[in-house]
Amino acid sequence: MKIQNSPLQYQGSLLNSLSIKQFIPKQDKISLSMSDYAIDLNFDILENANQVNEFMVRIEIGINNKGKKIPGYVISLKIDYLFQITSDDLDEATINNLKSMSAISIAIARLRSDLERITQPYQFGAYSLPSIDMQDLFEQKQTSINNL
């Protein structure tokens, strides 16, 4: 099948901050279970009034850095994913869907790949961000916005 380009195009990313530490408790035997890490992820859609068709999805993620740490990585990352909407004839609902659901899903997929690439050379190997319940993530975000 021949593909059709989406009106939403990923343009690149900007790394704002990154901290990767390795937590090794003072025990002889380490049980490494990265799937049990506590993960705190927040996102925002940042728009520039002068660039109507361009916007960023900023993701801030903390992995295994709050509460009781589990052996392995302790990661903090803030990164902006840049997007452009290439079509001028979209209705507002479509644009909002592209900016929220689609762009955030793409940004999280890229984040997963970025984390694997960044952590690959470290002692514990590549860290793979687990699958995320996107509906729950969006509901939590909406709740946090409503509580402001």
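Just wondering, is there one or more residues in region 109-121 that are out of contact with any Gly (no Cβ under 9 Å at 6 or more places or on another chain), outside any helix (DSSP H, G or I) and of a type in the set (A, V, I, L, M, F, W, C)?
Within region 109-121, none of the residues are out of contact with any Gly (no Cβ under 9 Å at 6 or more places or on another chain), outside any helix (DSSP H, G or I) and of a type in the set (A, V, I, L, M, F, W, C).
Only one of these is surrounded by 15 or more Cβ atoms within 10 Å (Cβ to Cβ), over 22 Å from the mean Cα position of the chain (by Cα) and aliphatic (A, V, I, L, M): 8, 90. Name it.
Only one candidate passes the filter, namely 90.
Scan 40, 36, 44 and give me the residue that is touching a Gly at 6+ places or on another chain (Cβ under 9 Å) and acidic (Asp, Glu).
Answer to the check: 40.
Taking region 1-59 as the search range and keeping residues that are in contact with a helix residue (DSSP H, G or I) (Cβ under 8 Å, 6 or more places away or on another chain) and either modelled with pLDDT under 90 or of a type in the set (A, V, I, L, M) (or both), which one is nearest to residue 131 (Cα to Cα)?
41
From the set of residues in region 39-52 that are in contact with a Phe, Trp or Tyr (Cβ under 9 Å, 6 or more places away or on another chain) and either acidic (Asp, Glu) or exposed (fewer than 15 other Cβ atoms within 10 Å of the Cβ) (or both), which is nearest to residue 104 (Cα to Cα)?
Filtering region 39-52 for residues that are in contact with a Phe, Trp or Tyr (Cβ under 9 Å, 6 or more places away or on another chain) and either acidic (Asp, Glu) or exposed (fewer than 15 other Cβ atoms within 10 Å of the Cβ) (or both), the one nearest to residue 104 (Cα to Cα) comes out as 46.
What number of residues in region 109-130 are touching a residue at least 60 places away in the same chain (Cβ under 8 Å) and out of contact with any helix residue (DSSP H, G or I) (no Cβ under 7 Å at 6 or more places or on another chain)?
7
For residues that are among the aliphatic types (A, V, I, L, M) and out of contact with any strand residue (DSSP E or B) (no Cβ under 9 Å at 6 or more places or on another chain), scanning just region 61-103, find the one that is nearest to residue 36 (Cα to Cα).
Across region 61-103, the extreme among qualifying residues is 101.
What number of residues within region 131-148 satisfy the criterion of being assigned to a loop (DSSP other than H, G, I, E, B) and either touching a residue at least 24 places away in the same chain (Cβ under 8 Å) or of a type in the set (Phe, Trp, Tyr) (or both)?
Counting residues in region 131-148 that are assigned to a loop (DSSP other than H, G, I, E, B) and either touching a residue at least 24 places away in the same chain (Cβ under 8 Å) or of a type in the set (Phe, Trp, Tyr) (or both) gives 1.
The values are calculated or read from the model by the stated rules, or taken from the named source; none is laboratory data. Worth saying up front: this structure is predicted, and the values here are computed from it rather than measured. In this analysis, Cβ positions are derived from the backbone assuming ideal geometry, glycine residues included, and neighbour counts consider all displayed protein chains.
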